[in-house]
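The values are calculated or read from the model by the stated rules, or taken from the named source; none is laboratory data. Since the model is a prediction, treat every value here as computed from it, not as a measurement. Note: ideal-geometry Cβ built from the backbone for every residue, glycine included; neighbour counts use all protein chains shown. Heads up: the accessible areas ignore ligands, DNA and RNA and are worked out on the full protein's heavy atoms, side chains in. Shrake-Rupley method; radii C 1.70, N 1.55, O 1.52, S 1.80 Å.
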Amino acid sequence: MPDASRKFLVGLVCLLAAGAGIGWLYDAPATGVLAAALIALFWQVRHLLAFVRATRTRDFEVFRVGDGIWQQIFSSFSYQQARAARYKRQYRQLLREIRKSTDAMPDGAVILDENHEIVMCNRAAKALAGLKPKKDRGQRVDNILRDPKLTKLLKSETYARAIEIPSPVRDDGWLNCRVVPYGADQKLLVLRDVTESMRLARMRRDFVANASHELRSPLTVVTGYLDTLADDEAMPRDWAMPVTQMQIQARRMNRIVSELLELSRLESAGPADVEERVDVGGLLSAARRALGMPGDTAPIDVVVDSAARLRGSASEIESLITNLVSNAVRHTPVDGSVTLTWRSDADGAELSVTDTGEGIDAEHLPRLTERFFRVDRGRAREDGGVGLGLAIVKHILGRHDGRLEVRSERGKGSTFTCHFPASRLAMPSPATLRGERRPA
Ligand code: ADP
């Protein structure tokens, strides 16, 4: 036991004993002890009040000298205080360092709390997005950076994707936004200036769209003359083969040009409209009728397990289905099979095209949606493939909040599945369903 505590206890016991002795002299030892206890209590309360006052006035003079219990309390109190002050200084220094380093970052960094309110932001966030570190503290970030895509990203809670939004401080400027969750419900919003890369991407898109557009007219003329030449009875016989070859290649160029134009249009358009309700099951049946040639292609089965409609663009979903089904048909022998499925549950819907055809080696799967990628270039050229179909599928899915999953095994077949979120689905009215069930 420390000295001061022992002294305090010995003093207390002596005081009580003295009280008992004096009380005994007057034939009332209990009253004597009680009186001594009251004196001890009064003494301690006085010191306690003095101590409380000293913590307010910061004048601890009376507690500084001596070796009593209160001097000991003061010494451990001042030790703790000095320690707390030291920690505070260290934390301040650390905070200054962190602030200096985040201010040196070229990217904007905004710390958000669980309500997406700004806790802190660095200098780059001010320069890139006009955020004011002091004035905007406590404001919801989506009230300042008003963009539906950012609101949606913050609501998504998975924060998986980065988005691009127009810069709020610079005409023609673009910001890339990424949300990184950390700690308990806190998030870091990272802003990056992507104006230059967006400008280059737009230049590339415009160039491809303009070049494709310009190629269209001369190609139409060439195709027209070739068709006339092919139909001309007076054409020398040894020209027949080269003219047919030219016709095939001209048609292929026409297809490339149309698909490039389609890709450019999809790339520059925003998300697909949600007003239109697409009957995916109906489109799958139509694709079976259009692309299944009994005897020439593998048989196509359609399995529709859901009446849900897809909110989006019917013409784009039709193009997506045509691309997937024509691929399946081209890569599956006549004795194989192709199955088209539409199903949905509470989490969303799936449109899948499964074939029992040649399949694709795993090493090629990550590159399938790249433009002009073909597993077997020579063969693709022969069967009319240009390598743009799956790139178109990917873009259409992107515009419908969907994603493509490909499962395939060489020699066994492939399944291309398009996943759509529940937010893109709508149930048709009972009247519409009754109308569909009625025999034609
Ligand atoms: P293409 O116009 O050549 O079909 P796509 O972009 O549609 O271009 O497909 C890219 C490549 O992916 C094709 O060249 C083909 O090698 C491969 N592929 C696509 N679908 C299938 C399938 N169902 N089975 C096997 N290979 C496929």
Could you pull out which residues in the stretch 58-79 have an amide N less than 19 Å from a spot 7 Å beyond the Cα of residue 46, following the Cα-Cβ vector? 60-74
For the stretch 245-377, the charge dipole (Cβ of Lys, Arg +1; Cβ of Asp, Glu -1; about the Cα centre) points to a positive end, and the Cα of 274, 322, 341 closest to that extreme belongs to 322
Need the full-extension length gain, residue 210 to residue 38, defined as separation in residues times 0.36 nm minus the C-alpha distance. One decimal, nm. 51.9 nm
Which cross-chain or sequence-distant (5 or more) residues have an amide H under 5 Å from the amide H of residue 400, H modelled 1.01 Å from N in plane? 272
The stretch 258-373: C-alpha gyration tensor shape, a/c 1.5 cut-off, then a/b vs b/c: oblate
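Which value in deg cm²/dmol, rounded to the nearest 500, describes the helix-derived mean residue ellipticity at 222 nm for the chain, given -39,500 (n - 2.57) per DSSP H run of n ≥ 4 and division by the residue count?
Mean residue ellipticity, 222 nm, calculated: -17500 deg cm²/dmol.
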Would you work out which of 256, 411, 77 lies farthest towards the positive end of the dipole of the chain? Charges go on Cβ: Lys and Arg +1, Asp and Glu -1. 77
When the chain is fully extended, how far beyond the present Cα-Cα distance does residue 185 get from residue 73, taking 0.36 nm per residue of separation? 36.3 nm
Selection from 169, 209, 40 lying farthest towards where the dipole of the chain points positive, charges on Cβ: 40
Separation of the stretch 108-174 and the stretch 353-423 by C-alpha centroid, Å? 36
Can you tell me the relative contact order of the chain? Whole percent, Cα pairs under 8 Å, sequence separation 6 or more. 9
Report ³J(HN,Hα) in whole Hz for each residue of the stretch 203-218, in order, from the Karplus equation J = 6.51 cos²θ - 1.76 cosθ + 1.60 where θ = phi - 60°; Gly and Pro get x. 4, 4, 4, 5, 4, 4, 5, 5, 4, 5, 5, 5, 6, 4, 5, x
Considering amide H positions built from the backbone, and no H for Pro or chain starts, which residues 5 or more places from residue 425, or on another chain, come under 5 Å of its amide H? 311
Sparse-neighbourhood loop sites, GluC sites (Glu not before Pro) in the stretch 197-275 - DSSP loop, at most 16 other Cβ within 10 angstrom: 233, 275
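Please list 105, 241, 246 in order of solvent-accessible area, largest first, computed with a 1.4 Å probe with all protein chains present.
On the way: 105 75, 241 135, 246 95 Å².
Final ranking, largest accessible area leading: 241, 246, 105.
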Using θ = phi - 60° and the Karplus form 6.51 cos²θ - 1.76 cosθ + 1.60, what ³J(HN,Hα) does each residue of the stretch 161-168 get, whole Hz, x for Gly and Pro? 9, 8, 10, 10, 10, x, 5, x
Modelled FRET efficiency - R0 41 Å, residue 197 with residue 80, Cβ distances, 0.05 increments: 0.15
Just to confirm my numbers, what's the Cα centroid distance between the stretch 54-78 and the stretch 180-214 in Å? 64
So what does residue 213 come to for accessible area, using a 1.4 Å probe and Å² rounded to 10? 110
What residue among 230, 40, 298 has the largest mean-square fluctuation in a Gaussian network model of the chain, using Cα springs under 10 Å? 40
So which trypsin sites (Lys or Arg not before Pro) in the stretch 49-145 are both in a DSSP loop and have at most 15 other Cβ atoms within 10 Å of their Cβ? 58, 134, 135, 137
Between 200, 15, 215, which gets the highest mean-square fluctuation from a Gaussian network model of the chain, Cα cutoff 10 Å? 15
Residue-level accessible surface for residue 182, protein heavy atoms, 1.4 Å, Å²: 90
Using a Gaussian network for the chain with springs between C-alpha atoms less than 10 Å apart, which of these wobbles most: 404, 219, 16? 16
Please get the size of the charge dipole for the stretch 105-193, origin at its Cα centre, with Cβ charges of +1 on Lys and Arg and -1 on Asp and Glu, quoted in debye to the nearest 20. 180
